[in-house]
1. With only alpha-carbon atoms counted, please give the Rg and Dmax of the stretch 163-313, in Å.
2. Just to confirm the filter: which trypsin sites (Lys or Arg not before Pro) across the stretch 98-199 are DSSP coil and have at most 16 other Cβ within 10 angstrom of their Cβ?
3. Counting only other residues whose beta carbon sits under 14 Å from that of ARG102, what net charge do I get with K and R as +1, D and E as -1?
4. Once label points are set 7 Å from the Cα along Cα→Cβ at both MET297 and GLU125, what is their separation, rounded to one decimal in nm?
5. What do you get for Rg/Rh over the stretch 61-207 if you use C-alpha atoms and the Kirkwood form of Rh?
6. With an 8 Å Cα cut-off and a minimum separation of 6 or more residues, compute the relative contact order for the stretch 163-313 in percent.
7. Between the stretch 21-35 and the stretch 67-102, what is the separation of their alpha carbon centroids in Å?
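Nothing in this text is a laboratory measurement; each read-out follows from the coordinates by a stated rule. None of these values were measured; they are calculated from a predicted model. Note that each Cβ is placed from the backbone with ideal geometry, even for glycine, and that neighbours are counted across all protein chains shown.
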Amino acid sequence: MTETAPVRVIGGGLAGAEAAYQLARRGIGVELWEMRPVTGTEAHKTDRLAELVCSNSFRDDSMGTAVGVLKQEMRAMDSLIMRVADQVRVPAGSALAVDRERFSEVVTEEVEGLAEVNIRRQEVEAVPEGGVTIIATGPLTSSALSESIARTVGSRHLYFYDALSPIITAESIDMNVVYRAARYGKGGDDYINCPLDEAEYDRLIDEILAAETMPLRSFEKCIYFEGCMPVEELARRGRKTLSFGPMKPVGLEDPRTGQRPHAVLQLRQDDTAGRLFSMVGFQTKMTYGEQRRVFRMIPGLEHAEFVRLGSLHRNTYIDSPKALTAALTVQGGNSLDSTAYPTQPSPQMSISQGIDEESPHAQE
Ligand SMILES: Cc1cc2nc3c(=O)[nH]c(=O)nc-3n(C[C@H](O)[C@H](O)[C@H](O)COP(=O)(O)OP(=O)(O)OC[C@H]3O[C@@H](n4cnc5c(N)ncnc54)[C@H](O)[C@@H]3O)c2cc1C
C-alpha cells in the first residue's frame, strides 16, 4: 500500500462502511464504491451507506452469547457500526436493535466526513486487478460483479431466497387487546404481544396455508435459509410449527390474566420514536393483498396499517471455507479464474460475506 494507491472498498453497506472507517483512521486512503442510488438492489430503498434492509435487530447483546461477545470485541476495536448502533439503539430486551433511519444517516455522515475516503457512486462490474481491494457487496451483489466473483473464486455460485417481515404503525394496533412484555421479563416490557387462543391460531394457520404467494421466476430454485423461513413455509411443515417457533408463548404470560396464551405474535419496536413495530419472525412471500387480509386476523391487528409489507429477496453468498483463507483473502492461485487474473492474482483481495453460517436474520 502506498499513498498513491488507495484501497478500493466495493460496497458501502455495513461491512464496507466499517472497512473504510478503519482504513481511514489508520491514515490509509480509500476509494469507496457504492452503486446506490445510480443502480439499486431489490431490497435497499435509500442512497445511504449501511442501510438496514430487514430487521432492525443486531441480535443478542449480552456476554453470554457468541454474537454478544463479538459486539463487545468490535466495540473494543473502535467499530463505527457498533458506536453508531449504541447511539441510536431502541428498546429490544437483551437484543441490540436500532432506529434504522438514524443508523444509516449517522454512518453516512461519519464516512462522508472522513478526509481519507473518496466515495464513488458507481457499480463496479468486475473484480479489479492489481492493488488492494475489499469486496463488501453483501448478499445483494449486482449480477455483473457476482459473475466476476464466481469466476474469480472458481467455486459454484450459490444463492437462496429469504424474506422481509412486515412493519406496522403503533397507532393502528389495538392496545386493549395486546400487552407489553419481554420473554421471561428479560430486558423489560419492550415487545408488544398479540395473544391468540387455540381457535384463533387454527384459523390463522388455515388462512396462511391457503394464502396466495408470489411466484418464483422459472430459473430460480427455491432454497430457503433456515433462520429466515417464510411463515407459510413454516406452517407447511406442520400446524404447530409456528406455535413452537416464532409464535411460541413460553415466558409470555398475559399480565392481565396471568395465563399463557396458546400462541403469541411479538412486535418489536423499529424506530426511536416507537411509532413503528415489526412482526417478529413473520417473513413471508404472500402477496401484498393476502398479507393485509391474513395478518389483520391476528388479535390487536384488525386495523393494522402496514408501512412495509413482507417480500422475497435474493441472497447471494460464496462458499467461503473453500474459496477464502482464514483471513478472508482469496485462496491461492489454483482456484482463481485465469480470465479474471491473466497473471498471478492479488493475494490481498478479500471478500466480505453478507451472511454468516448461523442465522444472521434471527430476530431475537
Ligand atoms: C432483504 C435482506 C434482509 C436481510 N435481513 C437481515 C436481518 O434481518 N438481520 C441481519 O442481521 N441481516 C440481514 N440481512 C443480511 C444483511 O444484509 C447483512 O447483515 C448486512 O447488510 C450485510 O452487510 P454488508 O455490508 O455485507 O452488505 P450490505 O449492507 O447489503 O451492503 C452491500 C452494499 O454493496 C452495494 N453493492 C452491491 N453490488 C455492488 C457493486 N457491484 N458495485 C458497487 N456497490 C455494490 C449495495 O448497494 C450495498 O449498499 C438481510 C439481507 C437482505 C438482502
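1. Calculated on Cα positions, Rg and Dmax stand at 15.0, 51 Å.
2. ARG121, ARG156, LYS186
3. My count for the surroundings of ARG102 gives -4.
4. 4.8
5. Here Rg/Rh amounts to 1.06.
6. In percent, rounded to a whole number, it is 43.
7. If you average the Cα positions of each part, the centres end up 21 Å apart.
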